[in-house]
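Visitor: Okay, handing you the structure first.
The values are calculated or read from the model by the stated rules, or taken from the named source; none is laboratory data. All figures in this text were calculated on a predicted structure; none of them were measured in a lab. Using ideal geometry, Cβ is built from the backbone for each residue, glycine included, and neighbour counts are taken over all protein chains shown. Keep in mind that these areas ignore ligands, DNA and RNA; they rest on the heavy atoms of the full protein, side chains included. Shrake-Rupley method; radii C 1.70, N 1.55, O 1.52, S 1.80 Å.
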Amino acid sequence: MKPQFIEIPLKNEFSFSVMNYVRPYFHNPIHFHSTFELTLITQGQGIRIAGDHIEQFQEDDLVLMGSKLPHQWKNDPYCRSINSKSISKAIVLQFREDCFGKGFFQIPELFGIHQMLNNSKRGLKIVGDTHHKTKCYLKKILREDEVKRIITFLEIMEGLSLSEELIPLA
């Protein structure tokens, strides 16, 4: 199946998007988009596709998908049954590389973040202490607004860029 391009509309009043994604089941086809996507599965299980990598996912799965990387989360069949009361949930943070202006992530102080974003083009599974810290920040950023959102976003990016607990997928 050929991946579909899905453009992610980001609201003009925000530099990036963060949302609680709640559905009866994950339903997107294999797709890609120009945004980076950090996804924490908070409920659900099934198969995750990242490029040429296929793996089971379950609650607490945390992955950073790079820009233009074909990917999909597909629930197990029981989650899709008409009589199922299962709900699939995720916290999803989406952003463009130029979310704070062209070249922002290329300034010398952010070299590590720039490298980590380049590495995310393969998809990065986040594990260990980094997983725990990133999960806490994602829950925190949902409640924040304005400058605090940006600070927490940069804390997430810094933590990921310094981590040795990122597993390339594709």
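Visitor: Count, please, the residues in the range 128-145 that happen to be outside any helix (DSSP H, G or I) and open to solvent by less than 50 Å² (accessible area, probe 1.4 Å).
Guide: 1
Visitor: Quick check on my filter: what residues within the range 45-62 are out of contact with any helix residue (DSSP H, G or I) (no Cβ under 9 Å at 6 or more places or on another chain), of a type outside the set (Phe, Trp, Tyr) and part of a strand (DSSP E or B)?
Guide: Taking the range 45-62 first, the residues out of contact with any helix residue (DSSP H, G or I) (no Cβ under 9 Å at 6 or more places or on another chain) are 47-49, 52, 54-59, 61.
Remaining after also requiring of a type outside the set (Phe, Trp, Tyr): 47-49, 52, 54-56, 58-59, 61.
Matches in the range 45-62: Ile47, Arg48, Ile49, Ile54, Glu55, Gln56.
Visitor: For the range 63-81, enumerate the residues that are open to solvent by 40 Å² or more (accessible area, probe 1.4 Å), more than 18 Å from Pro168 (Cα to Cα) and assigned to a loop (DSSP other than H, G, I, E, B).
Guide: Ser81
Visitor: If you go through the range 30-40 one residue at a time, how many are polar (S, T, N, Q) and part of a loop (DSSP other than H, G, I, E, B)? Steps first, answer last, please.
Guide: Taking the range 30-40 and keeping what is polar (S, T, N, Q), we get 34-35, 39.
The next check asks that each one be part of a loop (DSSP other than H, G, I, E, B); those that pass are 34-35.
Number satisfying all stated conditions: 2.
Visitor: Please go through the range 42-77 and pick out each residue that is among the β-branched types (Val, Ile, Thr) and closer than 24 Å to Ile156 by Cα.
Guide: Passing the criteria: Thr42, Ile49, Val63.
Visitor: What's the total number of residues in the range 100-115 that are assigned to a helix (DSSP H, G or I) and loosely packed, with under 11 Cβ neighbours inside 10 Å? Talk me through it step by step, then tell me what you get.
Guide: Filtering the range 100-115 down to residues assigned to a helix (DSSP H, G or I) leaves 104-106, 108-115.
Subset that is loosely packed, with under 11 Cβ neighbours inside 10 Å: 108-109.
Of the residues in the range 100-115, 2 are assigned to a helix (DSSP H, G or I) and loosely packed, with under 11 Cβ neighbours inside 10 Å.
Visitor: I need the full set of residues from the range 130-152 which are within 19 Å of Thr42 (Cα to Cα), touching a residue at least 24 places away in the same chain (Cβ under 8 Å) and not charged (D, E, K, R), in order please.
Guide: Once the filter is applied, which keeps residues that are within 19 Å of Thr42 (Cα to Cα), touching a residue at least 24 places away in the same chain (Cβ under 8 Å) and not charged (D, E, K, R), the range 130-152 yields Thr130, His131, Thr134, Leu138, Ile141, Leu142.
Visitor: Working only within the range 1-29, note down all residues that are in contact (Cβ under 8 Å) with a residue 40 or more places away in the chain, open to solvent by 30 Å² or more (accessible area, probe 1.4 Å), assigned to a loop (DSSP other than H, G, I, E, B) and more than 13 Å from Phe95 (Cα to Cα).
Guide: Within the range 1-29, Pro3, Pro24, Tyr25, Asn28, Pro29 qualify.
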